[in-house]
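The values are calculated or read from the model by the stated rules, or taken from the named source; none is laboratory data. Please read these numbers as outputs of a predicted model, since none were measured by experiment. Here the Cβ positions follow ideal geometry from the backbone for every residue, glycine too, while neighbour counts run over all protein chains shown. Please note that ligands, DNA and RNA were not included when accessible areas were found on the heavy atoms of the full protein model with its side chains. Shrake-Rupley method; radii C 1.70, N 1.55, O 1.52, S 1.80 Å.
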Amino acid sequence: FQGGTPPRLHFNAAGTATGLGRVVSARIWFPAVLATYSFTNLSGLRPYVGAGVNYSKFTNGEATSAYTSAVGGNSTSAKLKSSWGPVVRLGLEYPVAKDWVVDLSYLRYWIKSTTTLTTVMPTPAGNVDVVRTVAAKANPDVFGLVVGRRF
C-alpha cells in the first residue's frame, strides 16, 4: 500500500485553441493495482517491473479565465469524468535493514477523460449556460522515492 497527496493535473488546449495554453486543472486521485515481477538480487539491489490498471477520479475541476474570456463568458465550471486506464512501473529496491527498504520507482499512466465545461454566457435576455464536452487525455510520469517496511 502506498499513498500520497493527490497532484493537480493541468490540461492544455489542442487544435485551433492551442494558443490558449492551460484551460482546465483538477486534482487527480489515481489508485492503481499492479502485478509486479522482481528480478534476482544484484548485490543487494532488486530491480522490478510491473503493469496494471488505474482508476482516475478528478476533484476540484477549474477552468481558466483564459478559456472563459476566449469563449466570451462570465464564468466557467469544469467537471471531469472518472476513467480506467493502464499503468506501468519500473523500480529498484534496496534493503537498508532487516525489514526496511528504499524504493526508487518510475510510473507511467495513460488517462482519458471527458470534460464538461459549463460557461455562463451573457445575452440580451439574461445569462444562458452553454455546455461543451471535450475529450481530455494525460500521460503523467510519476517518480517515487519511498522508505518502506516489508512484512
Descending accessible area (1.4 Å probe), largest on the left, turns 116, 68 into 116, 68
With bins of 5 Å, the percent of all Cα-Cα pairs of the stretch 82-136 per bin from 0 is 4, 13, 11, 11, 9, 9, 8, 7, 7, 6, 5, 4, 3, 2, 0
Check: in the stretch 40-124 the Lys pairs 8 or more apart or on separate chains whose Cα atoms fall under 30 Å apart number 5
GNM on the chain, Cα springs under 10 Å; top mean-square fluctuation among 138, 70, 51 goes to 70
For residue 142, placing the label point 7 angstrom along Cα-to-beta-carbon and taking the stretch 83-112, residues whose amide nitrogen sits under 16 Å are 83-92, 103-112
Heavy-atom accessible area per residue of the chain, all protein chains kept, 1.4 Å probe, expressed in Å², is 64 Å²
Note, the stretch 31-41: 3J(HN,Hα) by Karplus (6.51, -1.76, 1.60, θ = phi - 60°), whole Hz, Gly/Pro = x, goes x, 9, 10, 10, 9, 10, 10, 9, 7, 4, 4
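At 0.36 nm per residue, minus the direct Cα-Cα distance, what do residue 90 and residue 127 gain on full extension? Give it in nm, one decimal, please.
This chain segment gains 8.2 nm when fully extended.
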From highest to lowest solvent-accessible area (probe 1.4 Å; ligands, DNA and RNA excluded), 22, 8 read 22, 8
For 55, 94, the accessible-area ranking with a 1.4 Å probe, largest leading, is 94, 55
Using alpha carbon centers only, the stretch 3-77 is separated from the stretch 78-151 by a whole-angstrom value of 3 Å
Quick calc: nm separation of the 7 Å Cα→Cβ label points for residue 150 and residue 114 -> 4.5 nm
With every protein chain in place, the accessible area of residue 16 for a 1.4 Å probe, in Å² rounded to the nearest 10, comes to 150 Å²
Taking the chain, the whole-percent share of alpha-carbon pairs separated by over 29 angstrom is 36 percent
Expected field for residue 99, accessible surface area in Å² at 1.4 Å probe radius, rounded to 10, holds 50 Å²
